[in-house]
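These notes are about the structure you will find just below.
Here, each number is a calculation from the coordinates, and none is a lab measurement. Please read all numbers here as calculations on a predicted model, not as lab measurements. Because the Cβ atoms are built from the backbone with ideal geometry, glycine has one as well, and the counts that use them run over all protein chains shown.
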Number of protein chains: 2
Amino acid sequence: MGIITIERKVLEKNDELASQIRDKFKINNTFVVNIVSSPGSGKTSILERTIEKLKDKIKIAVIEGDVQTDLDAKRVERYSVPVVQIVTNGGCHLEAKLVKDALENIDLKEIRFLVIENVGNLVCPAGYDLGEDLKVLILSTTEGEDKPLKYPKMFINSSILIINKIDLLPYVDCNIENLKKNALSINPDLVVFETSCTTGEGIEKWCEWILGNIKY
Amino acid sequence: MGIITIERKVLEKNDELASQIRDKFKINNTFVVNIVSSPGSGKTSILERTIEKLKDKIKIAVIEGDVQTDLDAKRVERYSVPVVQIVTNGGCHLEAKLVKDALENIDLKEIRFLVIENVGNLVCPAGYDLGEDLKVLILSTTEGEDKPLKYPKMFINSSILIINKIDLLPYVDCNIENLKKNALSINPDLVVFETSCTTGEGIEKWCEWILGNIKY
């Protein structure tokens, strides 16, 4: 039995579990996003700004995925929302099984919006369904406008693209129009937001979009 | 046979091939670095500045690893050094077998310094020996000072840390002393350089270090 066969079996098993998790989210009317990006693009910062804006309007919970440490869970915890940390111990992506286990510590009936923050990796998490409604891909302006072309699978499998750190545009070699053009050439259906967690620009619009997707 | 066993076999096979490649490098007196980082940390930019400085002093060749596209090989080609592009087609890291194949297109006898630019991924490439003398890890200031703690394996397995984009320090929430402290807490043997490809700062020092490692 070759590595390819094993990989296919792992993915099949993952998809099966993800489908069960998705049913659970549906029954509980919980809107779920899986946030993916390179390390340091601003997943946790966007999440903090989002919770700040929305926590008095809807009940939010967070599943934090990290290769190591619970630093991100600690950052999120300060906002008094339920948070579960998954440490993958070297693993390069979250899998549905890990999310299933994490969900045992969250009362979904209460939760309208669940955020799963994936491991920082623009490659591997693209192939793993976690039962989410959609993948939100964060790319920072400092990473360069060529990234959609070089890492296409993540852009194809995501529904939302948040271009973050737009406050740094004057200082980096990145034309945001080219970046958007490249992203939309890979996936024309991407809904694009532009944000800065430093200035707060664009966070309002992103949060309105979330509120429009909450099921009551 | 479980996935763990398969993974171990894949790594064993990789290490065996890497060891053969390492012998080949040694026979030819070629100093080889494997450059690793997140997407967009500046691997190709550092490489361009390095080639500019060194190409009249030593014969350089480049192996470019990318998930998709030959954009990086085209950037490097402009400096008239031999370059071979490996497209992994979704693969999240380079393996020794791919490097072995790429080497069929490079006359190592001529080459004193070979740079292998890995796929942009701070997790998976850490486990794959490519026969290099050492791994050079690039981390940009925009990624944040917590990254050594969150992605420790890459920091443990690297010998050199280049902190890039230091020109952006005034605009980002990153204390470079904390970043270095975090990196050295994970791997006290790391040799650290600080660079900016925009201003050119630190490139000279890094290039001098390379020249000190060339075998004639």
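Computed values, structure above
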quantity	calculated
Viscosity 0.692 mPa s, temperature 37 °C, Stokes-Einstein D of the range A:2-212 from Kirkwood C-alpha radius, µm²/s	188 µm²/s
Net charge of Cβ neighbours under 10 Å - reference residue B:141; Lys, Arg +1; Asp, Glu -1	-4
Rounded to the nearest 20 debye, dipole of chain A from Cβ charges on Lys, Arg, Asp, Glu	360 debye
Highest to lowest packing among B:23-33, A:20-30, B:65-75, scored as the average C-beta count within 10 Å	B:65-75, B:23-33, A:20-30
Net +/- balance of residues flanking residue B:159 in space, Cβ distance below 11 Å, scoring K and R +1, D and E -1	-2
Relative exposure of A:41, B:158, judged by other C-beta atoms within 10 Å (fewest first)	B:158, A:41
Relative contact order (%) - criterion: Cα under 8 Å, at least six apart; region: the range A:2-212	24 percent
Residue exposure sequence - A:151, B:79, B:171, B:128 - by fewest surrounding Cβ within 10 Å	B:79, B:171, B:128, A:151
Straight-distance crosslink candidates among lysines, where the alpha carbon sits under 17 Å from residue A:215 and sequence neighbours closer than 8 are dropped	A:24, A:26, A:55, A:57, A:59, A:109
Cα principal axis extents for the protein assembly as shown, largest first, Å	71, 53, 42
Residue exposure sequence - A:38, B:19 - by fewest surrounding Cβ within 10 Å	B:19, A:38
At 0.890 mPa s and 25 °C, Stokes D of the range A:40-80 from Kirkwood alpha-carbon radius, µm² per second	227 µm²/s
Ratio Rg/Rh, restricted to the range A:104-216 and using Cα atoms, in which Rh is the Kirkwood radius	0.98
Debye-sum result for the range A:150-216 in log10 I(q)/I(0), which assumes one identical scatterer on each alpha carbon, at q = 0.11, 0.17, 0.25 Å⁻¹	-0.30, -0.69, -1.16
Within 10 Å of each Cβ in A:33-40, the average number of Cβ atoms from other chains	6
Residues whose placed amide H lies under 5 Å from that of residue B:35, excluding near-sequence neighbours	B:116, B:117, B:118, B:136
Cα principal axis extents for the range B:82-144, largest first, Å	41, 26, 19
Vicinal HN-Hα couplings computed from phi for the range A:34-47 (Karplus, 6.51 cos²θ - 1.76 cosθ + 1.60; Hz; Gly/Pro x)	10, 8, 10, 4, 5, x, x, 7, x, 4, 5, 5, 4, 4
Eligible lysines near residue A:181 by straight Cα distance, threshold 17 Å, same-chain separation 8 or greater	A:147, A:150, A:153
Average beta-carbon neighbours from other chains, 10 Å sphere, peptide A:116-128	4
Amide N of the range B:91-126 lying under 18 Å from the label point, which is placed 7 angstrom from the Cα of residue B:57 along Cα→Cβ	B:111-115
Column: log10 I(q)/I(0), Debye, Cα scatterers of the range A:12-126, q = 0.11, 0.12, 0.13 Å⁻¹	-0.32, -0.39, -0.46
Nearest-0.05 FRET efficiency for residue A:89 and residue B:24, computed from C-beta distance (R0 35 Å)	0.50
Positive minus negative residues near residue B:115 (Lys, Arg vs Asp, Glu; Cβ under 10 Å)	-2
Choice from A:90, A:42, A:144 with maximal GNM fluctuation in chain A (Cα, 10 Å cutoff)	A:90
Calculated log₁₀ intensity ratio I(q)/I(0) where the Debye formula runs over C-alpha points of the range A:1-42, q = 0.14, 0.28 Å⁻¹	-0.55, -0.88
Calculated label separations, residue B:214, copies of the chain, 7 Å along the beta-carbon direction, nm	6.3
